[in-house]
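Below is one structure; the comments refer to it alone.
The values are calculated or read from the model by the stated rules, or taken from the named source; none is laboratory data. Everything numeric in this text was worked out from a predicted model, so none of it was measured. For neighbour counting, all protein chains shown are included, and Cβ atoms are generated from backbone atoms with ideal geometry for every residue, glycine included.
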Amino acid sequence: MTALASLLAQRIREGGPITVAEYMAECLLHPLHGYYTTRQPFGASGDFTTAPEISQMFGELLGLALAQAWLDRGAPTAFTLAELGPGRGTLMADILRATRAVPGFHAAAQLALVEASPRLRAVQAQTLAPFGKVPQWLDHAADLPDAPLFLAANEFLDALPIRQFLLTPAGWCERLIGLAGQRLAFGLSPPLPQVPDAPAFAAARPGDLVELCTPAHQAVAQVLGPITRHGGVALFVDYGGWRSCGDTLQALRAHAFDDPLAHPGQADLTAHVDFEPLAALAPRHGYDTQGAVLTRLGIDARAERLARGLAGDALQSHLAAHRRLTAPQEMGSLFKVLALTSADAPLPPGFAA
Ligand code: SAH
């Protein structure tokens, strides 16, 4: 049993079963035992790898898309360049390197990073030090400055706590985590008097499980504040689909799937993102697969250019990274990109009009 499992068991004995969201929040961000607070999750030695860690091309192309969107909006002279959940800071470093040549972009940008983990904030500071722009770290998207906003978030929404609801013959019940003897175990609440008014609930049939990620709705709404008031673009990249469809809570430990209740605090816990309700919050959105967006942004030409300087193993791993980011059977189809902007502005490059 992990230290966090003992604490959770104690909490459940005293206060009764907890929601999946409460469980996820403790597992990921508990100040002493949380996954993001205590671990270095990314990279070959970690539990999983992410698009910016796979290849510099991912951040370069997103950076250039954001810079083009900034130019399309008249190049506002003071704006926020932001990222939610920057991990090791690799994506922002690639964005900054790729946009160095865009006249005025760096000079006008105020860097803002929304990051909950103090340990990862320190890693991000180190990664970004060479760029000479001191970022501002924020606890919440709600703290983003009231200014034009150009923002990227990769695998941020999937780390936010979800609740799960099951349509049983007796009505909607919430999936809870309680104890079976000494062990954590899933169970169900009594039938609920009401559930949220959302398409996924309305369309459900008996036996269906619907997930709800209120913190994702809040984060997106908070990002849209500055964008609708002052202009800008947000790019959310994550795995998931248009609408919630079943249990997607998953745990990853050392690059393998794990039982989500087996190692609280020692495994990464995520859920697929439902983009439909998030897109609905924005005046204007674009939505496509990661493969399609990166292809429209020119990843094939960029990959070819980088390949010219490589040989042997380095070339093979570069070609594999290109495939991994774009091929439908790899990340190309499962991962989606949601672009959000204001009603009167064009979509950023990368999206079909
Ligand atoms: N974007 C990075 C890391 C993804 S992991 C990459 O693609 O490699 C998720 C990131 O979100 C981590 O940096 C984690 O610490 C941060 N995070 C998770 N929950 C958060 C929350 N509620 N508020 C702020 N940051 C959070």
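Only residues that are aliphatic (A, V, I, L, M), over 16 Å from LEU91 (Cβ atoms) and either part of a strand (DSSP E or B) or in contact with a strand residue (DSSP E or B) (Cβ under 8 Å, 6 or more places away or on another chain) (or both): list them for the stretch 142-186, please. Break it down stepwise before answering.
Narrowing the stretch 142-186 to residues aliphatic (A, V, I, L, M): 142, 144, 147, 149, 151-153, 157, 159-160, 162, 166-167, 170, 176-177, 179-180, 184-185.
Filter once more, so that each one left must be over 16 Å from LEU91 (Cβ atoms): 142, 144, 147, 149, 160, 162, 166-167, 170, 176-177, 179-180, 184-185.
Across the stretch 142-186, the qualifying residues are LEU144, ALA147, LEU149, ILE162, LEU166, LEU167, LEU176, ILE177, LEU179, ALA180, LEU184, ALA185.
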key: Selection within the stretch 100-121 - free of Cβ contacts under 8 Å to residues at least 24 places away in the same chain and either farther than 17 Å from PHE150 by Cβ or within 16 Å of the ligand (Cβ to nearest atom) (or both)   = ARG121
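Looking at ALA303, ALA282, ALA307, ALA292, which is the one that is of a type in the set (A, V, I, L, M), surrounded by 14 or more Cβ atoms within 10 Å (Cβ to Cβ) and over 30 Å from ASP47 (Cβ atoms)? Spell out the reasoning first.
Values: ALA303 fails: over 30 Å from ASP47 (Cβ atoms); ALA307 fails: over 30 Å from ASP47 (Cβ atoms); ALA292 fails: over 30 Å from ASP47 (Cβ atoms).
Matching residue, one of ALA303, ALA282, ALA307, ALA292: ALA282.
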message = The conditions are (1) under 20 Å from LEU176 (Cα atoms); (2) without any contact (Cβ under 8 Å) to a residue 60 or more places away in the chain; (3) within 13 Å of the ligand (Cβ to nearest atom), and GLU53 fails exactly one of them. Which is it?
response = (1)
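Which one of ALA147, ALA122 is at pLDDT 95 or above, within 29 Å of PHE42 (Cα to Cα), surrounded by fewer than 20 Cβ atoms within 10 Å (Cβ to Cβ) and of a type in the set (A, V, I, L, M, F, W, C)? Walk me through it before giving the result.
Numbers: ALA147 fails: within 29 Å of PHE42 (Cα to Cα).
That would be ALA122, the only listed residue that is at pLDDT 95 or above, within 29 Å of PHE42 (Cα to Cα), surrounded by fewer than 20 Cβ atoms within 10 Å (Cβ to Cβ) and of a type in the set (A, V, I, L, M, F, W, C).
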ask   = THR19 fails exactly one of the following numbered conditions: (1) within 15 Å of the ligand (Cβ to nearest atom); (2) closer than 17 Å to PRO161 by Cα; (3) among the polar types (S, T, N, Q). What is the number of that condition?
value = (1)
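Might you check whether a residue that is buried (at least 17 other Cβ atoms within 10 Å of the Cβ), within 29 Å of GLY89 (Cα to Cα), at pLDDT 95 or above and out of contact with any Ser or Thr (no Cβ under 7 Å at 6 or more places or on another chain) occurs anywhere in the stretch 10-21?
Of the stretch 10-21, the ones buried (at least 17 other Cβ atoms within 10 Å of the Cβ) are 12, 17-21.
Retained after the next criterion (residues that are within 29 Å of GLY89 (Cα to Cα)): 20-21.
Adding the requirement that they be at pLDDT 95 or above leaves 20-21.
Narrowing further to those that are out of contact with any Ser or Thr (no Cβ under 7 Å at 6 or more places or on another chain): 20-21.
Yes: one or more hits.
Mind listing whichever residues of the stretch 37-50 are of a type in the set (A, V, I, L, M, F, W, C), near the ligand (Cβ under 9 Å from one of its atoms) and surrounded by fewer than 20 Cβ atoms within 10 Å (Cβ to Cβ)?
Correct list: PHE48 only.
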inquiry  = For the list (1) acidic (Asp, Glu); (2) more than 13 Å from the ligand (Cβ to nearest atom); (3) over 30 Å from ALA314 (Cα atoms), I need the number of the one condition that GLU26 fails.
reply    = (2)
request  = Search the stretch 190-224 for residues being aliphatic (A, V, I, L, M) and in contact with a Pro (Cβ under 7 Å, 6 or more places away or on another chain), and hand back the single one that is farthest from GLU276 (Cα to Cα).
outcome  = LEU212
Failed criterion for VAL134 (all others in (1) part of a loop (DSSP other than H, G, I, E, B); (2) in contact (Cβ under 8 Å) with a residue 40 or more places away in the chain; (3) farther than 30 Å from GLU330 by Cα hold) = (2)
query = If we scan the stretch 317-337, do we find a residue that is farther than 19 Å from PRO52 by Cα, at pLDDT 95 or above and not hydroxyl-bearing (Ser, Thr, Tyr)?
reply = no
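So which of LEU128, LEU81 is closer than 15 Å to ALA67 by Cβ, more than 8 Å from the ligand (Cβ to nearest atom) and surrounded by 16 or more Cβ atoms within 10 Å (Cβ to Cβ)? Lay out the reasoning, then the answer.
Values: LEU128 fails: closer than 15 Å to ALA67 by Cβ.
Of the residues listed, the single one that is closer than 15 Å to ALA67 by Cβ, more than 8 Å from the ligand (Cβ to nearest atom) and surrounded by 16 or more Cβ atoms within 10 Å (Cβ to Cβ) is LEU81.
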